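Only one structure is covered here, and it is reproduced in the block below.
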Amino acid sequence: KKQKLWGGRFTGETDPLMHLYNASLPYDYKMYKADLQGTKVYTAGLEKIGLLTSDELSKIHEGLDQINEEWSKGEFVRHASDEDIHTANERRLGEIIGRDIAGKVHTGRSRNDQVATDMRLYCRDILNESILPSLAKFIDVLIARGREEIDVLMPGYTHLQRAQPIRWSHWLSSYATYFTEDYKRLQQIVERLNKSPLGAGALAGHPYGIDREFLAEGLGFQGVIGNSLAAVSDRDFVVEIMFWGSLFMNHISRFAEDLIIYSTAEFGFVKLSDAYSTGSSLMPQKKNPDSLELLRGKSGRVFGQLSGFLMSIKSIPSTYNKDMQEDKEPLFDCLTTVEHSTLIATGVVSTLSIVREKMEGALTMDMLATDLADYLVRKGVPFRETHHISGECVALAEKTGLSGIDKLSLEQYKAIDSRFGADVFEIFNFEQSVERRDATGGTAKSAVLKQLSALEAQL
Ligand code: ARG
C-alpha cells in the first residue's frame with residue numbers, strides 16, 4: 001500500500017478523482033528549482049542547530065542537485081501518487097539517498113511555509129530574470145524609434161477627433177512613459193515580496209529554534225516575515241503581481257488599439273510587418289493586425305485572473321487553507337501572458353513601418369484654431385475672448401466653403417476682429433505649432449528628446 005506523506009492517521013484510500021482534484025504537480029512542477037533551493041537552505045539551517053550531521057547534509061545536497069538535474073533535463077519521472085512539487089521532490093530524494101536521511105529533511109517544516117517560500121522565490125526570479133528585462137527592451141525600442149523618427153508629425157486626438165498636431169515620437173514617448181512607470185511599479189513589488197516565510201512551520205512557528213534570518217539570507221531574501229501566521233497565509237504578492245499584470249495589459253490594450261486604428265486603410269499611418277499580421281482564409285486581399293488584436297484581447301484574461309483569485313481567497317479563515325493552492329494557475333498564466341505580450345509588442349514596434357505622407361497629410365488647418373486664438377493672446381487679448389473669435393473664423397471658413405482657416409482673406413479676418421494683422425498667416429504652419437509647445441512634456445522636438453532621455457535614464 002502506497003504511503004502518503006501524511007498517511008499515518010488514515011485507514012481509507014483517497015478517491016482517485018479526489019487525488020487528481022487535489023494534485024497540483026501538473027502545474028507547480030514549474031517551481032522545482034525554487035523548491036530544491038529552499039530545501040537546500042532549510043537543511044543547512046537544520047544542520048546549524050544540530051538536527052543534521054554535516055555528512056547527512058552533504059548527502060542531502062548531492063541528492064537535491066541530482067533531482068535538479070533530472071528536472072532540467074526533462075528526465076524526472078513523476079509518480080501517479082505525487083501530490084505536488086514538494087512531495088515529488090521529497091519522494092525522489094528518499095529514492096536517491098535513502099529514506100533514513102531524506103526523512104529528516106522536513107523536520108520542523110511544513111508544506112505551508114515551504115510553498116509560500118517557493119512561490120516568493122519563483123516570482124522574484126521570473127520577474128527579475130524575464131519580465132523586467134523584456135519590459136526594458138520594449139521600452140528601449142520605443143525610445144529608439146522615437147529618436148529616429150523625431151521629425152514626423154501626425155494628428156493628436158482627443159475623443160478620437162483631430163485635436164492638435166503632435167510628433168509621432170511624442171506618441172511613442174507617451175507609451176514609453178506608461179511602461180516605465182509599470183517597470184518601476186514592478187520593481188517595488190519585487191522588493192516587497194522578497195521576504196522569507198521559511199521557518200514559520202505549519203503556522204505556529206519553529207519548535208527547534210531555527211535561525212530564520214540565516215534561512216532568509218541563504219535564499220537572498222531581504223529579511224523575514226515577522227509573524228508565522230501571516231508568513232504562511234499571505235498571498236498578497238500574488239494579488240499584487242496580477243494587479244500589476246492587469247494594469248500593464250490595460251496599457252498594452254490601449255497601445256494596441258491606437259495601432260489598430262492607425263493601420264486601417266482609412267488612417268493608413270502605419271503598416272504592420274508581415275511577421276505580425278495574418279491573412280484571411282476567404283478574402284485574398286486581407287492583411288489583419290492579429291498581433292495587435294491579441295494584445296488587446298489578452299488583457300481581458302489577465303483581469304479575469306486577478307478578480308478570480310481575489311474571489312478565491314476572500315473570507316478564507318486564517319491561516320493556510322487549500323483554497324490558496326488556486327493561486328498558481330492564474331499567476332503562472334498571467335506571467336506567461338504578460339511576457340509573451342511584451343515580446344510580441346516589441347516585435348510589432350520594431351518592425352512596423354510608418355507612412356509619413358499619410359500622417360502629415362491627415363493634419364488639417366482647423367487643428368491650428370487654438371494657435372489662432374493664441375495669436376491674439378500674444379497681442380494682449382484674453383484667451384476666453386480669443387477662443388470665441390477663433391471659433392468664428394472656423395465657422396466662416398466652413399460656411400463659405402473654404403478648405404481651411406488659412407484661406408480666409410485678411411479683410412475677412414479684420415472684419416471679425418480688427419486686431420488681426422497680416423502676420424496672422426504665419427501661424428498656419430504645423431511644424432511651428434508643434435515647436436511652440438516646448439515646455440516640459442510638450443511635443444516640440446527638444447521637449448520630446450528630453451522625455452526620451454529621461455525615460456532611458458530610469459531603466
Ligand atoms: N500544493 C499545496 C499548495 O500549493 C502545498 C501546500 C499544502 N499544504 C497543506 N497544508 N495541504 O498550496
Answer yes or no: is there a residue in region 137-145 that is modelled with pLDDT of 95 or more, farther than 17 Å from Leu455 by Cα and outside any loop (DSSP other than H, G, I, E, B). no
Do we find that Thr336 is of a type in the set (Ser, Thr, Tyr) and under 30 Å from His86 (Cα atoms) in this structure? yes
For region 413-424, give me the residue count where each residue is under 18 Å from Glu398 (Cα atoms) and either of a type in the set (Gly, Ala, Ser) or outside the structural domain of Asp374 (by TED's automatic domain parsing) (or both). 1
Is one or more of the residues making up region 151-169 away from the ligand (no atom under 16 Å from the Cβ) and under 30 Å from Ser318 (Cβ atoms)? no
With respect to Phe425, determine if the residue is at pLDDT 95 or above and not in a helix (DSSP H, G or I). no
Checking the conditions here, which among Ile126, Ile131, Ile67 is buried (at least 16 other Cβ atoms within 10 Å of the Cβ) and over 30 Å from Asp182 (Cα atoms)? Ile67
When residues of region 318-338 are filtered for being more than 11 Å from the ligand (Cβ to nearest atom) and among the hydroxyl-bearing types (Ser, Thr, Tyr), how many remain? 3
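For (1) in contact (Cβ under 8 Å) with a residue 24 or more places away in the chain; (2) of a type in the set (Lys, Arg), each residue gets a yes or a no:
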| position | (1), (2) |
| --- | --- |
| Arg9 | no, yes |
| Tyr21 | no, no |
| Ser24 | yes, no |
| Lys40 | yes, yes |
| Gly45 | yes, no |
| Leu51 | yes, no |
| Ser54 | no, no |
| Leu57 | no, no |
| His61 | no, no |
Is it fair to say Thr278 is more than 16 Å from the ligand (Cβ to nearest atom) and surrounded by 16 or more Cβ atoms within 10 Å (Cβ to Cβ)? no
For region 159-174, give me each residue that is out of contact with any Asp or Glu (no Cβ under 9 Å at 6 or more places or on another chain) and either part of a loop (DSSP other than H, G, I, E, B) or within 17 Å of His251 (Cα to Cα) (or both). His159, Leu160, His170, Ser173, Ser174
Pick from Ser228, Ser173, Ser169: which is buried (at least 18 other Cβ atoms within 10 Å of the Cβ), at pLDDT 95 or above, of a type in the set (Gly, Ala, Ser) and not assigned by TED's automatic domain parsing to the domain that holds Pro317? Ser228
Boolean, Val355 is crowded, with 19+ Cβ neighbours inside 10 Å, over 15 Å from Ser246 (Cα atoms) and away from the ligand (no atom under 16 Å from the Cβ): no
In region 63-114, what residues are under 23 Å from His19 (Cβ atoms), away from the ligand (no atom under 16 Å from the Cβ) and under 31 Å from the mean Cα position of the chain (by Cα)? Trp71
Are any of the residues in region 14-25 away from the ligand (no atom under 13 Å from the Cβ), in a loop (DSSP other than H, G, I, E, B) and out of contact with any helix residue (DSSP H, G or I) (no Cβ under 8 Å at 6 or more places or on another chain)? yes
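The values are calculated or read from the model by the stated rules, or taken from the named source; none is laboratory data. This one's a predicted model, so the numbers in the text were calculated from it and none came from an experiment. Cβ atoms come from the backbone with ideal geometry, glycine included; neighbour counts cover every protein chain shown.
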